[in-house]
Amino acid sequence: MKMPPFQLHSPKSLEEAFSIADELSSSNREFDWVAGGTDLLPNYKWHLNVKPDVISLAGVSELTLLTDTHIGAMVRLHDLAESENTHSLVSAAAESVASTLIRRSATVGGNLCLDTRCFWFNQTEDWRESIDWCHKCDCGTDADCRVIPNQNTLCVATYQADLAPSLMCLGATIHLASKDGERSMPMGDFFQLDGMTRNVLQEGEIVTHVTLPDDVSEWHGDYQKLRQRESWDFPEAGVAVAWKKTGGDVSDLRVATTGLESIPGYHEEESRLVLDDWRGEESVDLLSESVRKSVKPVLNTWFPPSYRRKMVKVLTRRACSGLLEDSK
Amino acid sequence: MWMTPQIPRVIRIQDFRGEKLGEEDSDEMVGYRQQPGKLPFSKPGSGGKNQFSEPRDESSIPESQGGSKAQPWGDHRHDEIVSGRVIGKPTALVDSRWKVTGQAQYGDDIRLPGELVGRIIRSPHHYARVLSIDASKALDLPGVLAVATGQDATSAFGVLPVTKDEHAMAQDKVRHVGDLVACVAAVDEASAREACRLIEVEYEVLDSIHDMRDGLEDSDLPIHDRGKYHIGESNVQKRVFQEFGNVEDMRDSMASHSSDWLFAGANHGFTEPHAVVAHWDPSGRLTLYTPQQVPHYLHRALADVLEVPMHQINVYRTFVGGGFGGKSDPFPHEMCAAILARKTGKPVRINFDREEVFWVNRGRHPSRIGMSIHSDSEGRISGIETDALIDGGAFASFGHVTTYYNGVLHTAPYEIGGFHYTGARVWTNKPASGAMRGHGAVNSRCAVEVGLDDICEQLNVDPIDFRLANLLPPHSSTITGFRVTSIGMRECLEKVREASGWDEKFRKMPLGRGIGVGCGFFISGSGLPIHWDPNKFPHATVHLKIDMDGGVTIHTGAADIGQGSDTVVAQSVAEVLGLPLDMIRVRSRETDTSPVDLGSYSSRVTFMNANAAISAAMEIRAELIKATSEITGAPEKKLVIGDRRIFRKDDPAVGVSYLEALHKSQEDRGALVSSGSYRTPPMGRVHKGAAAGLAPAYSFSAYVAEVEVDVETGQTKVLKVWAAHDCGKALNPLSVEGQIIGSCHMGMGQVLSEEMRYGRTGHLINPDLLDYKIPTVHEMPQVFPIIVESNDPEGPFGAKEAGEGPLLPILPAVVNAVYDATGVRVSELPISPDRLYKAIEKKCRKDGVSSPTEMKTPRISHSELQEKIVERGKSHSERDIERRRGKEPSPYHNGALFGLDPEVPGDEQDSRWTAVVTPSEEYLESPGLAGSAWKHVERRKRGDSQ
Amino acid sequence: MVQYRLPMLPPSDEVDWGASVNGNAVSTRLESNAILLDVLRDSLGILGTKRGCDMGTCGCCSVLVDGSPRLSCLMLAQEANGCEITTVEGLSDGHHLHPIQQTFTECGGSQCGFCTPGFLVVISALLGENPEPSEGEIKSAIEGNLCRCTGYQQIVDSVKEASNILCNGANVDDSTDPKSDPHPGFSG
């Protein structure tokens, strides 16, 4: 399938990357960043929101550092999953992404910034023409959203990346940079509705790395993923749970979800409620039920939303199974 | 790099009389140097890479020929030509080295100098009239050489002559999203795609039909118009009504099962997208390079559409990257490439994006099947009632046949008291359905086998014992009159029962673990060819040519699509002539050089083509034996063929090498050539539709699947499959096992995850390999292939098919295992987790439990009937062994189990037994879903014929 | 009529590109947005690498880039600039099949053969790193490759057998010796 035309820029350093971005912005040329390419390139082949310029971060060596607490944006998921330095909750999510071949290319930054997905959107140009396009890629037609018809202001495409919930649960901080400088924020604050806005990145800004807090090794957890097949498939629902125990008692608990809405969910309130009055298995059930209630998937992925919602409860409970064991 | 062990190689020169000469003697040249009058022309050697003839492998020679190979299923007509060389031995595919080195050329690997890139403009509408096509902007684009539309080729085509309803491109209407409207040829892909963008097409959108049930109704504008043969004003493309046996009494039974099934459509999912290259050579002939299963039918269709004689066309079959029925129609894009190449005078290549593969489709029909099965108090299957409505999509393709197959292919392996079938195929505005591995038999077979499981549950008998007590014997006739020869069904069931530990597991495992059985029955070749009168033309023809080098060239038109047909034909010839495979070369690619073979469909190739090859090789064999007899003076009858040596059976020292005999035969005429062919014998009965499902032999299979169901999520994992298949004789066991395991994989996809899913707007929402969920390596269970060899009297060396039949049993085996694991009986495929979970929730409500983990699973306590059917099974087993060994067993017609005279068809001896192919008025008062298609009157019979 | 589709022309600017492909130095001009698979097949005529889905869901296009298996359909050619690329054509040394090539033929790892090149390069990388992989490791390595014919079982068998050859040094045929080719007469 022939790529639509765009100019590829391959900077060797962050500085060069930002200066290319600046140049393009100042001449009013739209552009995308590309990291591993496993998300952007198939979308481009299908002519989904193609920009005239693309800046590749593949050659930027500053972004590949991987330590216990520092994960560069250009770290490949394969390396993240295989590394001994990676927290088990993060590697559990990383090794569940797509297939081993995809993970050889795909990056941490690319996964966090994964474009939202919808079966009305992730289709070829011919196909989308046959439905008169959709809001997320309207090709200048002001087309309606095909999931929630009769409106073209909200996109409900689903965020189906695996890494975010695990990182959120571990209290990760995400670091962004642009020519104007750097900024950091808790992972949960990075994402921003709707399905087209996706996150807080400004034009010319990229994710440089993620850091984990120093106490990360004290956290344990699990990531549960719902999908049809054990390879290739995006999460139809994903639940990460992390906990900290002090003297055998649960002292802290975090839950985050993905694959259910246009941004990942961080279920602070739900986990606090049960944590305040911890009653073991009963609390896990309560937590699972409240997480289920808090998510509102729509019909735009492989499994129907009612099923995905019900499974959130099962996944949450299963992710908590280690929590009820004495060992951790 | 890997380690390369050194192969010790002794270099020596050896004379052809067998005396070894040391290296120091190498100056003493002997051999072929001809010096008339001085030296005699040396005797030729044995040929082949290994100069020494191998001793006869007695373990591969049948007992009837003095070898040690046991023949529990009796003698075979090919016993005396068995040389023990290659047949029955695991054999690498003869083309596998091309495949593993990247040298195999598939459709998109044919690159001709100066070629253009073709692209197709496709309909964005489900159903629309094409009002105008303006290609002026596209033609103005530099690099664009031609645009073609429906006006460039107005002749209709279709794989079946009775239902030609396709065109190269839209004539007046487009019938599904993705239907062909026009095509362009340009110097490169970017220009071709840009040209497609610039072509302006004006449409008038029409009301489209998406639900197959709507296709049964009258429509203002049916998707096709069949003129006077049109059925009412509906979209019914084909309808079938059949009643056989004692239909009247069958519902009056001890146990009845009734279920309404919904099967999603499935796609072949081969890895190679369609691709074609067309080239009109300087002499004005067309060569079309394409990965095709049916080069011959394409050849005919091209001649029709392009309006040139067939001899002006050479269809070149490239390597085929998977077919499974999805490359067995002549396709419009093949016509487009030829039209564009003719217009531009340059080669044109069209290769598909994956989405286009789904648009051309021809996959398994989405189906609604009503299945009722009845059993009497003796545990006999007193009746099967099937009502199958199948969704054909926008074109007929093989659908005429599929409509029959959904019924007639479950009239065996069981002896049944009555059979009622109504089938209808409708056009809808979807990509066309067609033939896919297990053509027409898969869905209704699943419904039958699941129904039997339910019947056994009601009767409290073991489902394997129940089946064993209801099998047709060898050399019998089904209720519809199919001639069944060899049957290994019983052995298949017995073997999987033992291997799987069935008796310790069935209805005994904990919640979430289950085991299930399913059987299958499939044609081994279609009795009737699509185009030809079988009494006049053969189905398959093979030519052999052997020149002085001793190598055998096989010319065959059989299309190797990865199943190994080139290998099987090479093996067959090698076996008969006693040659190693390295002396055989297969030329099967071009219609210019290949005799006609009808193609790789209906599981016909091994059966028919190997039979043709054997008869061609037997001609050569006779010549070699005659020559040997002349040289040695031994009578021909005493001679046998071993490895490149022909000798006296009773005195192996007397004989000559293959090359010596060959050269003797060639003395007067040069190269030996021969031709062999295969045609089916006259078979079957004479009612309308009697030919559908007729085959010279049938394959049988029985699988047991063990599954694990996560009852909290509805996810099913198949852990192990014991898969027994009766292929008559495994000519190449490696390939047979590969076909069995591969069939498991494909069938498992259909039962668990694969579906062509149409959204609320009628669009196919998953035309890609991410959302068309083909099982990955992680979903694959461990498969234990078990080969049963029933020694078919007509099959080549006893062989029958192994490519399609093995797919059938996996679906019901898994469905039945899911029931065993959960107590949930599903009737909608695929059993995706969400569907199963919904059913589990329903069962929880019914059981009055709050969590799926508290569900009850089915248990069994045998009834009195169990002992009775076990006894019957035992006595049938003895009956069958006797019948399969007998030289000419007496006739056995379905019905004997119900007390009729086995020697006469039921309807000829009992007035309650019928054979009816049109519905009564009484039936039409409350027909089944598909049966309601018969409410329409054909236009010609309405008196308003057009 | 308004055109909502994306123009495919004019093409992207060209850049210089070079790599070592199966040990041969290649340098050429490419459009800057070129995809590695398109370069291999359409520009360099290395047709052993197959195009199955063009979006990373079949693995037929797998190649080794600096020894690591990658999906060439999802890789910008520029990312492979200056790299060592190995395709299925580069697995055998011209005389000897790679053990996995040989065992694929003998164990039925290849039926239609279209997915075979992708499997072979992925498995060759696996065996390079780990000559004695467990069944689980084999399955994980090939989880990104789709095979529709074999049901994977005979592919896994082929890997085990190749592992056996690597570890125990069984015979590898010399493919250029006509006497060792079991089927030299077949037309490819």
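If you go through segment B:424-445 and pick out every residue that is in a strand (DSSP E or B) and in contact with a Lys or Arg (Cβ under 7 Å, 6 or more places away or on another chain), you end up with 3. For segment B:702-743, a residue qualifies if it is touching a Pro at 6+ places or on another chain (Cβ under 7 Å), surrounded by 24 or more Cβ atoms within 10 Å (Cβ to Cβ) and not in a loop (DSSP other than H, G, I, E, B), and the qualifying residues are B:702, B:703, B:718, B:721, B:723, B:725, B:737, B:739, B:740, B:741, B:743. Screening B:247, B:308, B:240 for residues that are over 30 Å from residue C:114 (Cα atoms), without any contact (Cβ under 8 Å) to a residue 24 or more places away in the chain and not acidic (Asp, Glu) leaves exactly one candidate, B:308. If you filter segment C:82-117 down to residues that are closer than 30 Å to residue A:7 by Cβ and more than 8 Å from every other protein chain (Cβ to nearest Cβ), you find that the one that is surrounded by the fewest Cβ atoms within 10 Å (Cβ to Cβ) is C:82. Residue B:862 passes every criterion in (1) in a loop (DSSP other than H, G, I, E, B); (2) more than 38 Å from the chain's Cα centre (by Cα); (3) under 28 Å from residue A:305 (Cα atoms) apart from (3). Residue B:815 - would you say it is in contact with a Ser or Thr (Cβ under 9 Å, 6 or more places away or on another chain) and of a type in the set (A, V, I, L, M, F, W, C)? Here the answer is yes, as residue B:815 does meet what is asked.
Taking the criterion of being surrounded by fewer than 24 Cβ atoms within 10 Å (Cβ to Cβ), more than 9 Å from chain B (Cβ to nearest Cβ) and either touching a residue at least 60 places away in the same chain (Cβ under 8 Å) or touching a Leu at 6+ places or on another chain (Cβ under 9 Å) (or both), the only residue of segment C:38-63 that qualifies is C:43.
One line per residue, one yes/no per condition, for (1) more than 30 Å from residue B:792 (Cβ to Cβ); (2) surrounded by 24 or more Cβ atoms within 10 Å (Cβ to Cβ); (3) not assigned by TED's automatic domain parsing to the domain that holds residue B:292:
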position	(1), (2), (3)
B:100	yes, yes, yes
B:123	yes, yes, no
B:129	yes, no, no
B:134	yes, no, no
B:142	yes, no, no
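Is it the case that residue B:602 is in the same structural domain as residue B:84 (by TED's automatic domain parsing) and at pLDDT 95 or above? No. Checking each residue in segment A:29-57 for being facing chain C (nearest Cβ under 7 Å) and of a type in the set (S, T, N, Q) picks out A:38, A:56.
Results for (1) at pLDDT below 95; (2) buried (at least 24 other Cβ atoms within 10 Å of the Cβ); (3) within 22 Å of residue A:237 (Cα to Cα), shown as yes or no for each residue.
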position	(1), (2), (3)
A:66	no, no, no
A:82	no, no, no
A:88	no, no, yes
A:97	no, yes, yes
A:124	no, no, no
A:158	no, yes, yes
A:167	no, yes, yes
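Scanning segment A:28-44 for residues that are within 18 Å of residue C:13 (Cα to Cα) and out of contact with any Leu (no Cβ under 9 Å at 6 or more places or on another chain) turns up A:29, A:44.
The set of residues in segment A:38-56 that are out of contact with any strand residue (DSSP E or B) (no Cβ under 6 Å at 6 or more places or on another chain) and either closer than 17 Å to residue A:112 by Cβ or of a type in the set (Asp, Glu) (or both) comprises A:38, A:39, A:43. When A:264, A:304 are screened for being closer than 23 Å to residue B:759 by Cα and not polar (S, T, N, Q), only A:304 passes.
Condition check for residue A:72 on (1) farther than 24 Å from residue A:164 by Cβ; (2) in contact with a strand residue (DSSP E or B) (Cβ under 8 Å, 6 or more places away or on another chain): one failure, at (1). For the condition within 14 Å of another protein chain (Cβ to nearest Cβ), under 30 Å from residue C:123 (Cβ atoms) and in contact with a helix residue (DSSP H, G or I) (Cβ under 8 Å, 6 or more places away or on another chain), residue A:11 does not qualify.
Test residue B:576 against the stated conditions and say whether it is closer than 22 Å to residue B:658 by Cα, among the β-branched types (Val, Ile, Thr) and within 14 Å of another protein chain (Cβ to nearest Cβ). Judged against the criteria, residue B:576 is not a match.
Residues being free of Cβ contacts under 8 Å to residues at least 24 places away in the same chain and over 34 Å from the mean Cα position of the chain (by Cα) are entirely absent from segment B:253-274. Among the residues making up segment C:121-167, those that are more than 21 Å from residue C:53 (Cα to Cα), in a loop (DSSP other than H, G, I, E, B) and more than 14 Å from chain A (Cβ to nearest Cβ) are C:131, C:132, C:134. Is it the case, given these coordinates, that residue B:792 is in contact with a helix residue (DSSP H, G or I) (Cβ under 6 Å, 6 or more places away or on another chain) and part of a loop (DSSP other than H, G, I, E, B)? Against the criterion (in contact with a helix residue (DSSP H, G or I) (Cβ under 6 Å, 6 or more places away or on another chain) and part of a loop (DSSP other than H, G, I, E, B)), residue B:792 qualifies. Annotation note: of A:212, A:226, A:260, A:286, the sole residue that is of a type in the set (A, V, I, L, M, F, W, C) and surrounded by fewer than 19 Cβ atoms within 10 Å (Cβ to Cβ) is A:286. Of all residues in segment A:171-191, one or more are away from chain B (no Cβ under 14 Å), in a loop (DSSP other than H, G, I, E, B), over 20 Å from residue B:757 (Cα atoms) and touching a strand residue (DSSP E or B) at 6+ places or on another chain (Cβ under 9 Å). If you go through segment B:306-327 and keep only what is away from chain C (no Cβ under 14 Å) and within 22 Å of residue B:435 (Cα to Cα), you end up with just B:315.
Within segment A:224-259, track down each residue that is farther than 26 Å from residue A:101 by Cβ and either outside the structural domain of residue A:317 (by TED's automatic domain parsing) or among the aromatic types (Phe, Trp, Tyr) (or both). Listed by number, the list holds a single entry, A:243. Only residues that are of a type in the set (A, V, I, L, M, F, W, C), closer than 30 Å to residue B:567 by Cβ and buried (at least 24 other Cβ atoms within 10 Å of the Cβ) were counted across segment B:683-701, and they come to 3.
For residue B:483, are the conditions met, namely being under 16 Å from residue B:700 (Cα atoms) and surrounded by 24 or more Cβ atoms within 10 Å (Cβ to Cβ)? Criteria not met by residue B:483.
Only residues that are in a helix (DSSP H, G or I) and touching a helix residue (DSSP H, G or I) at 6+ places or on another chain (Cβ under 6 Å) were counted across segment B:560-569, and they come to 3.
The listed residues are A:258, A:246, A:316, and the only one of them that is out of contact with any Cys (no Cβ under 7 Å at 6 or more places or on another chain), at pLDDT below 95 and of a type in the set (S, T, N, Q) turns out to be A:246.
The values are calculated or read from the model by the stated rules, or taken from the named source; none is laboratory data. Note that the coordinates shown come from a computational prediction; the quantities given were computed from them, not determined experimentally. We place every Cβ from the backbone using ideal geometry, glycine too, and count neighbours over all the protein chains shown.
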